[in-house]
Amino acid sequence: MSAECTDKSSPSDPDLSTLTLGNSIKESKDQVDSLETNPRNLSPTSQGRLNHIVQLLQNQEAKIGMDAKGRPVMQYKDTAPPLNWDASNANVITTPKPEDHKRKVEAFLKLVEYLKQNKPPGGVNLDSSQISKSNWYEEGTEFEKTQKILGTGNSAGDIIVLKDLKKGIEHAQKTIMISVFRKEEIQAWFDLNETGIAPKLIQIRIEGNKVHIHMETLEKVVTLREVIDSHMQTIRSTNPALVRPFSLCVFHGVLSAIQTMHDKNWTHKDLHAGNILLQKESETFIKVRIVDFGLASKVDEKGGLDGIRSDIVEAVRKFTALYANQEFNSAGDLQSGDTWKNELSYATDILQTSLSREERTELFSLVDSSLAIVAAYQTQDVMKKLEEKMTKIDLDEVMKKVVPILFPPCDELFQPVHTHSKGHSSIDAMGGSKDVVDASSAATIENNDILRKLRLEMAIGSDLD
Ligand SMILES: Nc1ncnc2c1ncn2[C@@H]1O[C@H](COP(=O)(O)OP(=O)(O)OP(=O)(O)O)[C@@H](O)[C@H]1O
Ligand SMILES: [Mg+2]
C-alpha cells in the first residue's frame, strides 16, 4: 500500500501552493490540505526541503511509501538494496551446490557492483605519523609481526604487536571476523579517540573475511582483573591502609571514563575487569584506560538506559572487589538492595579487623548512591563525593607505595603478556590457508584447536551450502 504524490505544476518548477494528493489516505490528505491552505507557514528551511522532496518525486528519484504504522516515508531510488548472503561466509570463496551456483554468482556480482559504484575504501589510515601510507598495508612490505602479544580476548583472539617497516614504530593489532564484527565498535572508538580513555585508533582495514584494527600499544598497563586477583592481596597483607584511598581513586577514574563515554553518547556495556586497564603515567600517577568497544551502544538509542546502568553497575562491582574483597558474581546481584547489602555485610564482617566502622559506612553509602544512578548526568554527584574524600588524602604518597606493587621494578622494561613463535594472532590463523599455524608451538596448536572448534560451531569461514 502506498500513496503517490502528484503535482499539477510544471515538472521543472514545483510550486508548493498547488500541491495536491491523488489516491491518498485520509491522514496524508489532511496534512497536505493544510499545506494547500498554509504552505508558507512552514519555516524557510522546511519549505526548501519540501521543494526538494517534490523535485525528487517528479524526477522519480523517490516515492512516498508507508511504514508499518501507516506514516508516510520516503523511499529513495539510490538506497542500496541489502546484500543478501550469509554473513558468516562474507568475503570468502564459496563452493556451493550446483543449484546454488546462480544465486552465489549473483551475490558476488552484487558485491563487485557495490564496490564499483560506491567505491568504499578497504581501510582508513587515521594517523600517518604512526603507520605508513599504503593502499594495501601488507605483511612483509609495510609491516612485520613481532612476537609480542598484549592480551587475548574471546572475540578477537590475540592482540598482537606489529612493527611498521617504514616508520620503525610498533603498534597493536586487533582482528575480528566480519561475521561477528559490530560497526559500533569502531564508531564508539572513533568518537572517543581524542579523549585519551581508549588506545588511539590509527588504522582500520578489511582483509578477506577479517577486520583489522590498528591501535596504540598501551605500555606499562595492568588489567583490573590482575589487580583484583593478585595485587590487592599484596596490598591488603603488606599495607592495608592503602586499600581505601587506592579503591576510591580507581573508582573515581573508572566513573570518570564512564562519564566521558556517556557524554559522547556511548555506553560500553562490557566493562569486565579485563577491559579496564590501569596505566602507570609516573611513579605517583595511574590513569584508567578502557579497551574493547565490541558491545558499545548509543545512549540515545533503544536500550540506552540499560547501557548506562550496566556501565555503572560494573564500576560498582570493581569498587567493592577492591575496597572489600567482594566481587559480586554478576550485575544481577546488585539489582536487589537486600541481596547486595547482605552479601557486602558478610564480606565486610570477614574484613572486620582491617575495615573500620566509618569505612564500612562509607562503602555502603557510595555503593547505594551509585546504584541509584538512572541517568548519565547523575554520575557526577558520586564523583563529587569521591573528590571531596580524595582531597583529604595525600594521593602522591599513596601512589608512591601502590605503583611498585602493581608495576614491580623488574617489569619496568615493557613485557608482553606472552609471545608466539611467529607472532601470529589466533584469529589471523582463521579463514585463510595462507595463515599457517606454527607446528612447533603446542600452546598455539591447542589454542587454535579451540578456536577452530568455535569457528566450526559458528560456521565462520566454512561453507554451509
Ligand atoms: N592497545 C592495547 N594495548 C595493550 N593491551 C591491550 C590493548 N588492546 C587490548 N589489550 C589487551 O588485550 C586484551 C584483549 O583485548 P580486547 O578486550 O580488545 O579483546 P576482545 O576479544 O574484544 O575481548 P573480550 O574477551 O572482552 O571480548 C585486553 O583485555 C587487554 O589486556
Ligand atoms: Mg575484552
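Charged side chains reduced to their Cβ positions (Lys and Arg at +1, Asp and Glu at -1) give region 108-262 a dipole of some 120 debye around its Cα centre. In a fully extended conformation the segment linking Glu301 and His101 would gain 68.0 nm over its present Cα-Cα distance, using 0.36 nm per residue. What distance in nm separates the simple spin-label points at Trp136 and Asn91, each placed 7 Å from Cα in the Cβ direction? Placing both labels 7 Å beyond Cα along the Cβ direction yields 1.5 nm. Which of the three applies to region 210-250, rounded, prolate or oblate, going by the alpha-carbon gyration tensor with a ≥ b ≥ c and a/c under 1.5 meaning rounded? Verdict is prolate for region 210-250.
For every other residue with a beta carbon closer than 14 angstrom to the beta carbon of Ile197, add +1 if it is Lys or Arg and -1 if Asp or Glu, then tell me the sum. Net charge in that neighbourhood comes out at -3.
What ranking do 102-113, 300-311 get when scored by the average of other Cβ atoms within 10 Å per residue, highest first? Intermediate results must be reported in sequence, preceding the final value.
Working: 102-113: 12.8, 300-311: 16.0.
Packing proxy ranking, top to bottom: 300-311, 102-113.
I need the shape label for region 246-397. Rule: rounded when a/c is under 1.5, else prolate if a/b > b/c, else oblate, with a, b, c from the alpha carbon gyration tensor.
The shape class here is oblate.
Label-to-label distance, Lys119 versus Asn59, with points set 7 angstrom from Cα along the beta-carbon direction: 1.9 nm.
Using a Förster radius of 22 Å, what is the FRET efficiency between Ser46 and Met66 based on their Cβ-Cβ separation? Nearest 0.05, please. Walk me through the intermediate numbers first.
Numbers: r = 21 Å, r/R0 = 0.95.
So the FRET efficiency works out to roughly 0.55.
Applying 1/(1 + (r/R0)^6) with r as the Cβ-Cβ distance of Ser356 and Glu387 and R0 = 22 angstrom yields a FRET efficiency of 0.55. Pairs with C-alpha atoms separated by more than 22 Å, drawn from the list Lys200/Lys298; Lys220/Lys385; Lys318/Lys341, are Lys220/Lys385.
What FRET efficiency would be calculated for the residue pair Lys183, Gln279, taking the C-beta separation as r and a Förster radius of 25 Å, to the nearest 0.05? Before the final figure, lay out the partial values.
Details: r = 27 Å, r/R0 = 1.10.
E(calc), rounded to 0.05, equals 0.35.
Each residue in Tyr377, Tyr323 was given a count of other beta-carbon atoms within 10 angstrom of its own, and listing them fewest first yields Tyr377, Tyr323.
Measure off 7 Å from each Cα along the Cα-to-Cβ vector at Ser230 and Thr195, then give the distance between these two points in nanometres to one decimal. So the label points at Ser230 and Thr195 sit 3.0 nm apart.
Where a number appears in this text, it was derived from the coordinates with a stated rule and is not lab data. Note that the structure is a prediction, hence the values are computed from the model and not measured. Here the Cβ is made from the backbone with ideal geometry for all residues, glycine too, and neighbour counts use every protein chain on show.
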